[in-house]
Amino acid sequence: MRRTLLVVLFAALSLAFVRAQRQPYRVVFDLTSRDSLEQKAVLRWLREVGTSSPNAQMEVVMYAKGFELVMPERSAYLADVKEAMKNPNVAFKVCAIALKNNNVDKSQLLPGVQTVPDGIRELVSKQQDHWGYIKVMH
């Protein structure tokens, strides 16, 4: 009897410890392409993750040509981006180096889109902070 009680108590404490150690759901998406299939995919993933896990934190980091997703004059999915931005747990961040290399001014981006000094550094920092990492590609 005593042994059974001890095993049950140990199991309950172990379960509580595991739950306390669980990290929040946080994912960063790495978008480098102007490819419409990849842009469409990341927007779909934001919707799906947001639906299945409403508290999930999501960030799309764009560099190379990926930032065209959030440029009103170049984006084929502007309405979808605006819809995703309504979720307070979703952030779109563009690499300032990529903007400079492509002669694009921050003012050409959709309002609410953030810039980061270095997109790759942003991705590495998120991974060091235990964010999940997804490279957007098809």
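Note on surface exposure: Arg47, Arg26 rank Arg47, Arg26 by accessible area, highest first, 1.4 Å probe.
Among the listed pairs Lys82/Lys106; Lys82/Lys135; Lys106/Lys135; Lys65/Lys86, which are separated by more than 20 Å between their Cα atoms?
Working: Lys82/Lys106 17 Å; Lys82/Lys135 22 Å; Lys106/Lys135 24 Å; Lys65/Lys86 24 Å.
Check vs 20 Å cut-off fails for Lys82/Lys135; Lys106/Lys135; Lys65/Lys86.
Under the combined filter of DSSP loop state and at most 13 neighbouring Cβ atoms within 10 Å, region 33-138 retains these GluC sites (Glu not before Pro): Glu73. Rolling a 1.4 Å probe across all protein chains gives Val113 an accessible area of roughly 10 Å².
Accessible surface for Lys86 stands near 150 Å², nearest 10, in the context of the full protein assembly shown (1.4 Å probe).
Each label was represented as a point 7 Å from its Cα along the Cα-to-Cβ direction; for Lys100 and Ser125 these points are 1.6 nm apart.
The values are calculated or read from the model by the stated rules, or taken from the named source; none is laboratory data. Just so it is clear, the structure is predicted and the values come from calculations on it, not from any experiment. Note that we place each Cβ from the backbone using ideal geometry, even for glycine, and neighbour counts take in every protein chain shown. Areas reflect the complete protein model, heavy atoms only, side chains present, ligands, DNA and RNA absent. Shrake-Rupley method; radii C 1.70, N 1.55, O 1.52, S 1.80 Å.
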